[in-house]
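Chemist: This is the structure, below, for whatever I ask next.
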Amino acid sequence: MPYIKPKDRTILDGKINALIQQIGFEISWDDGAVNYTITRLLIGYVKHCGLHYSTLQNVVGLLAAVHDEFDRRVVRPYEKQKRIENGDVYPPELTGGDVEEGGNDGR
């Protein structure tokens with residue numbers, strides 16, 4: 001989970017924000033650039049920790065945790081809002097309820 005101590009956030013945020021601004025200014029900020037940046041961070045982590053089974057499992061676990069947290073905190077609320085705005089494509093008998101009343105969000 002991304003909930004690190006505030007003092008550690010302060011240190012990392014300055015560097016991360018500078019990187020984001022630099023990338024956005026110098027090249028097209030697209031999914032290829034994001035993928036490359038994440039990949040380089042992971043390679044740095046592996047080099048720092050050593051190429052071992054446990055390190056590789058940590059990387060896989062980190063990626064899964066980041067995916068799950070982003071999906072839960074950003075994607076699901078966005079999808080729910082769009083279903084409310086535009087109407088659900090799935091009939092209630094398949095999803096277990098009405099999205100406006102907090103029914104099954106399909107996950």
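Chemist: Size of the dipole of the chain about the Cα centre, Lys and Arg at +1 and Asp and Glu at -1 on the beta carbon, nothing else charged, in debye to 20?
Modeler: Taking the Cα centre of the chain as origin, the dipole is about 760 debye.
Chemist: Name all residues of segment 16-38 having a backbone nitrogen under 11 Å from the label point set 7 Å from the Cα of residue 64 along its Cα→Cβ direction, giving them as ranges.
Modeler: none
Chemist: Okay, next question. So how much slack lies between residue 39 and residue 52, counting 0.36 nm per residue of separation and subtracting their Cα-Cα distance, in nm? Please list the in-between numbers first.
Modeler: Details: separation 13, 0.36 × 13 = 4.68 nm, distance 1.72 nm.
Between residue 39 and residue 52, full extension yields 3.0 nm more.
Chemist: So what is the 222 nm mean residue ellipticity for the chain from helices alone, if each DSSP H run of at least 4 adds -39500 (n - 2.57) and you divide by all residues, rounding to the nearest 500 deg cm²/dmol? All intermediate terms of the calculation are to be shown ahead of the outcome.
Modeler: Values: 5 runs with 73 residues, N = 107.
Per the formula, -22000 deg cm²/dmol.
Chemist: To continue, here is another question. Give me a comma-separated list of calculated 3J(HN,Hα) values for segment 41-58, in order, Karplus coefficients 6.51, -1.76, 1.60 applied at θ = phi - 60°, integers in Hz, x for any Gly or Pro.
Modeler: Going residue by residue, I get 4, 5, 4, x, 4, 5, 4, 5, 8, x, 7, 9, 3, 5, 5, 5, 5, 4 Hz, with x marking Gly and Pro.
No value in this document is a laboratory result; all are computed from the given coordinates. Note that this is a predicted model, so its numbers are computed, not measured. Cβ: placed from backbone, ideal geometry, glycine included. Neighbour counts: every protein chain shown.
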